[in-house]
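The values are calculated or read from the model by the stated rules, or taken from the named source; none is laboratory data. In this text, all values refer to a predicted model and were calculated from it rather than measured experimentally. Here the Cβ positions follow ideal geometry from the backbone for every residue, glycine too, while neighbour counts run over all protein chains shown. The protein model used for the area step is the full one, side chains on, heavy atoms only, and it has no ligands, DNA or RNA in it. Shrake-Rupley method; radii C 1.70, N 1.55, O 1.52, S 1.80 Å.
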Amino acid sequence: MLWLLLFLTTSLALAWHRAGLRLTTAAYAALLLAYGVFGGSLALFGLGLLIFAGVFVPLSLPTLREEWLTRPLLDHFQRRLLSLRGEPARAADSVSAAANRLMFDEGSAPLPVAPAMEIPAADAAQSRVPRLPTALGGSGLDARGLRRLLLTLASDPRNLAAAQRLVLADASAQIVLQHASEAQRAALLPQLAAGHQRIRLATDSRWGAGSDRGVIGRGVWKGRETLGLLMDFDVLIDDALSADEVTDYLIPVRVSDPESLLQPEVAGGVALVRVPATLSGLQRRRVGAHSLQLGARQLFVCLERVVGESAGIGCGDTAMHSLQIALAAGRLAIRSAEASAALRGASLDLRLADFYRLPCAASSSARRALVESALDAYGLDTLSLLLARLLDAGLASPHIAALADRAGAGLDIEALAGSLLPKIQACFSAAAAKPYGVALPLFDAAFWDGLGEVLSHQTHAGLQALSDGRIGGGIGRHRQHLERYRAALACCGDALLLERAAVNNGGAAETALAETYAQTLSLVAALQAHVDAGLPRNDEPLLDAYCERCCRRIEEALDSFVQSQRRRRRRIGLQALLLPLGRLARKPDDARYAQLAGMIQNPGPVRDRLFAALPPTEASITRLVDALDAAEAAQRRLLQQVDAGVLKPGFPLEQIVEALRLNIVDAKQADALRAAYNLGEDWRLAGSGGAKR
């Protein structure tokens, strides 16, 4: 029994501290040696020695490991790579090391914060491209200044289209400013600042898309023969703006130069081409309410329309990623403003429900709507702050931006899957591109290091699940969850790589994986914002509620990922790996919703945290709040008389007349009650809060 206890204790300690292969081998060797000297059973010692030799010796000796384990695995993964559509996912474009460290490192230092430029919103709104320098017709705002401007604009539904146009114009101007040639900047920036040019990135939002290509060749452009691109593309974009407002589409195509017309030779890079919206041969077709299909066959566009210097053609990935990041940050700010307006509306709805003592079902529904809208506003605020700070620090990646912008379409699922296990993914690409003898050692080193990290994280996460909430309190509990889901993401990525016949099931696995990663990023953003604020205890109820919701959504997405697997054996294995003890996050009951709604509604730190960042209120909201405040005392007295049986429950205006007749309220109080009722009805008929405001 003593030796069994020592074995279990050693195993738990190694798993908890996520020991590496060498330390694990040494620890078990020492334990086995001690048992051989002091133990009582020679047969048990011999059995342990055989198991140790069979497991740890091949893993510890690189030569044996390469021949017995790595070589068959490499053959297997090379066969998988050959079945992939297109080229293998590249780890070079995965989440940057700094952003990855931010997501998963408990000891990471806060991001550097650039000094904010305080420019009045009214002045900035007059500029069509606020982040351009003032010398070029902009307002000189930084990323966080643009976010504040968008929050102010988008808080009023009447300005929503203007905010969307502002995001589009600003992102296009940034691409021209940072990645265009000198001649292109001189020609385009004044046009963008004046609003005469509106450029729209056109990347396909459908699964499995990405076959658009451009071949270097000669053609006629504006009456003269010149070098250009013969483009074939078919993209479906999510377009909230009118197609008539766009002057140019930025279309990424993979470039080839079979006739070697350019020097140096172009080899499969991506070019970002500015295609005029009115160009003959460009086909535009509206699909649904907010989608636009663009297509062309052998469409010729001159090289001057490719963003950047002609010598850098095929290097448009960086520019496209910058544009995706800017668009994601802008859309996130707009949705944050919409969530804030929904929060204000839900707060008023619940106050009206309590004011008139509506039936329990209506009050319960209003409380749930208030809590959900508050968590939406809180989460979007922390996400947009995180993305703005990453932009200021130069650490943002297109995958982080796409995840933050998860509510929109067009997530880069292929690159996202490649970012989960970057070391192993890089090794897969090397194995496909290099001779076998060169790839084998690289694959061996990357695979076993990466596999050990995955297994150790997963074991550690399972132990944390057993001790959930008992070892780490407060924010420590949520960090335990984060470690658990990090391990789950690694296992999901590994499973996805083995099933890269991928997108033939409607993208179910990829969608679930993207949602898992996105909710994990939301969890990270909330924890990072809490740390940056100095770990205020007053914010902990809000943080706990938000993190619990993130955990529920992560576990639902993990369940969806498991169910998307076609093989029953794989589903069972993934269920055991991803959720070893089942779901831990429980849905809140009515009592929990009532508790949270009370914190949000009543004056206090939680309400201050949520409502301090809200844009200015509309005049109608201000009038309604003032009317409710003025009628509060009279309504309380009226309800007391209803409870006492003096007044009968009924229509509010009839109750006011009856209360005035019985001298329960005076004429001034009756007028205040009528004003509150009329303004409340106007509010309800205008959309009742969040849905339309």
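Can you tell me which of 172-182, 286-296 comes out highest on packing, and rank the rest after it, using the mean Cβ neighbours within 10 Å? Kindly include the intermediate steps, with their values, before the conclusion.
Values: 172-182: 20.2, 286-296: 15.1.
Packing order, densest peptide first, comes out as 172-182, 286-296.
How do THR70, THR10 stack up against each other in accessible area, from largest to smallest, with a 1.4 angstrom probe? If you can, show how the numbers build up before the last one.
Values: THR70 0, THR10 35 Å².
Highest to lowest solvent-accessible surface, that is THR10, THR70.
Could you derive backbone 3J(HN,Hα) for the stretch 147-162 from the dihedral phi with the Karplus parameters 6.51, -1.76 and 1.60 (θ = phi - 60°), listing whole Hz in sequence and x where the residue is Gly or Pro?
These are the phi-based 3J(HN,Hα) values: 4, 5, 5, 5, 4, 5, 5, 6, 5, 9, x, 5, 9, 5, 4, 5 Hz.
Can you give the translational diffusion coefficient of the stretch 1-52 in µm²/s, computed by Stokes-Einstein from the Kirkwood radius over Cα pairs at 25 °C and 0.890 mPa s? Walk me through the numbers on the way to the answer.
Numbers: Rh = 11.5 Å.
This corresponds to a translational diffusion coefficient of 214 µm²/s.
Under a 5 Å amide H to amide H cut-off, with H placed in plane at 1.01 Å, what residues pair with ARG131 once short-range neighbours are removed?
The answer is SER139, LEU141.
Using DSSP to call loops (not H, G, I, E or B), can you name the trypsin sites (Lys or Arg not before Pro) in the stretch 605-686 whose Cβ has at most 15 other Cβ atoms within 10 angstrom? All intermediate terms of the calculation are to be shown ahead of the outcome.
Details: sites: ARG607, ARG609, ARG623, ARG636, ARG637, ARG661, LYS668, ARG674, ARG684; in loops: none.
Nothing satisfies the criteria.
If you project the alpha carbons of the stretch 590-653 onto their three principal axes, what span does each projection cover, largest first, in Å?
44, 33, 17
Output wanted: per-residue J couplings in Hz (rounded whole) for the stretch 590-602, from phi through Karplus 6.51 cos²θ - 1.76 cosθ + 1.60, θ = phi - 60°, x for Gly and Pro.
Per-residue couplings from phi come out as 4, 5, 5, 4, 5, 5, 5, 4, x, 5, 6, 7, 7 Hz.
What accessible surface, in Å², does a 1.4 Å probe find on VAL55, ignoring ligands, DNA and RNA and rounding to the nearest 10?
In the full protein context, VAL55 sits at about 70 Å².
Taking amide H atoms as placed 1.01 Å from N in the peptide plane, list the residues 5 or more away in sequence, or in a different chain, whose amide H sits under 5 Å from that of THR203.
Sorted by chain and number, the residues that satisfy this come to none at all.
When only the heavy atoms of the protein chains count and the probe is 1.4 Å, how do VAL562, VAL307 rank by accessible area, highest first? Kindly include the intermediate steps, with their values, before the conclusion.
Working: VAL562 5, VAL307 35 Å².
Accessible-area ranking of VAL562, VAL307, largest first: VAL307, VAL562.
Can you give me the convex hull volume of the Cα atoms of the stretch 285-371, divided per residue and expressed in Å³? Write out the running numbers ahead of the final one.
Details: hull volume 13.2 nm³, N = 87.
Value for the stretch 285-371: 152 Å³ per residue.
Long-range amide H contacts for PHE300: which residues qualify at under 5 Å (H placed 1.01 Å from N, peptide plane, sequence gap of 5 or more or a different chain)?
Under 5 Å from the amide H of PHE300: MET231.
HN-Hα J couplings of the stretch 219-231 from phi, Karplus 6.51/-1.76/1.60, θ = phi - 60°, integer Hz, Gly and Pro as x?
x, 9, 10, 6, x, 9, 7, 7, 6, x, 10, 8, 9
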